[in-house]
Amino acid sequence: MDLNLWQQIRVEAAQSASEEPTLASFLHLTVLRHKSLASVLAFHLSSKLSNSVMDARSLNELFLEALTDDEQIVAAVEADICAYYQRDPACDLYCLPLLYFKGFHAIQAHRINHWLWNHGRKTVAYFLQNRVSEVFGVDIHPAARFGHGIMIDHGTGVVVGETAVLGNDISILHGVTLGGSGKESGDRHPKIGDGVMIGANASILGNIRVGECAKVGAGSVVVRHVEPHTTVVGVPAKAVGGVSSCKPADEMNQNFVDDGSLYIGAGI
């Protein structure tokens, strides 16, 4: 990317430390003493997720191993930070998701956890899934596959099942469930296309596909495939129109296309 994101984050952290001396030591410990975004992320997540069973130093080493082994994880982290900055009106600094947004923290912990899962380390992956759920209020199975440019706004109450697949440039509000339907095993969770926006407290259930650049209204229950570039809302969800942009996840428009009079999402 054209922006040197790591340097920008350092500049912002230094400015914040100057403006708020009471947080200077926190910002130095968390950002300014580190030499890379990977180092910051590993340190910050390990500090938050450590407990009496797994100390912060052990977690930091584990997280750095994953981030060093797979450069695509860090590239996805950068894309996620930019997604928050570009889509969330409450995010006016690049450093904010990295430091304070638990939805962002849960996504990045999952990226590391997915690496562990794929390397046969399922026991520690399950342990970390549980810790992320306890600490951040977001429960993502380690096997779920995420693209890049993902934003989970607020994060609280989001659940993503084992065989779920998320594409690129997706925005998800709080309380969303990407779950199974019934007790069947195998491929049983939703597939979310690129550019999709999912409103607060929506549930998408079963091995169904939400097509690219679709919108799912807040509180909806989706149990059938959603066509690309379509807005669905209701219980059960039904198509109510198209979308107002080529990529709803970027626009974050919470209204129907037809007359803009009906609210379909929730954000702060």
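The values are calculated or read from the model by the stated rules, or taken from the named source; none is laboratory data. Given the structure is predicted, the values throughout are model-derived calculations rather than measurements. Because the Cβ atoms are built from the backbone with ideal geometry, glycine has one as well, and the counts that use them run over all protein chains shown.
Please pick out the residue among Ser133, Ser171 that is touching a strand residue (DSSP E or B) at 6+ places or on another chain (Cβ under 7 Å) and in the same structural domain as Leu59 (by TED's automatic domain parsing).
On the way: Ser171 fails: in the same structural domain as Leu59 (by TED's automatic domain parsing).
Unique residue meeting the criteria: Ser133.
Is it the case that the range 7-15 has a residue that's more than 15 Å from Leu98 (Cβ to Cβ), surrounded by 13 or more Cβ atoms within 10 Å (Cβ to Cβ) and under 22 Å from the mean Cα position of the chain (by Cα)? Outline the logic, then answer.
Of the range 7-15, the ones more than 15 Å from Leu98 (Cβ to Cβ) are none.
Among the residues of the range 7-15, not one is more than 15 Å from Leu98 (Cβ to Cβ), surrounded by 13 or more Cβ atoms within 10 Å (Cβ to Cβ) and under 22 Å from the mean Cα position of the chain (by Cα), which makes the answer no.
It is to be established whether one or more residues within the range 215-223 are modelled with pLDDT of 95 or more, more than 22 Å from Thr156 (Cα to Cα) and basic (Lys, Arg).
Among the residues of the range 215-223, not one is modelled with pLDDT of 95 or more, more than 22 Å from Thr156 (Cα to Cα) and basic (Lys, Arg), which makes the answer no.
Which one is modelled with the lowest pLDDT among residues in the range 150-163 that are assigned to a loop (DSSP other than H, G, I, E, B) and surrounded by 24 or more Cβ atoms within 10 Å (Cβ to Cβ)?
Going through the qualifying residues, I end up with Asp153.
Does the range 72-81 include one or more residues that are more than 28 Å from Glu251 (Cβ to Cβ), surrounded by 14 or more Cβ atoms within 10 Å (Cβ to Cβ) and aliphatic (A, V, I, L, M)? Steps first, answer last, please.
Filtering the range 72-81 for residues more than 28 Å from Glu251 (Cβ to Cβ) gives none.
Scanning the range 72-81, I find no residue that is more than 28 Å from Glu251 (Cβ to Cβ), surrounded by 14 or more Cβ atoms within 10 Å (Cβ to Cβ) and aliphatic (A, V, I, L, M), so the answer is no.
Out of curiosity, is Phe43 free of Cβ contacts under 8 Å to residues at least 24 places away in the same chain and either over 27 Å from Met252 (Cβ atoms) or in a helix (DSSP H, G or I) (or both)? Please lay out each step first, then the result.
Values: free of Cβ contacts under 8 Å to residues at least 24 places away in the same chain: yes; either over 27 Å from Met252 (Cβ atoms) or in a helix (DSSP H, G or I) (or both): yes.
Criteria met by Phe43.
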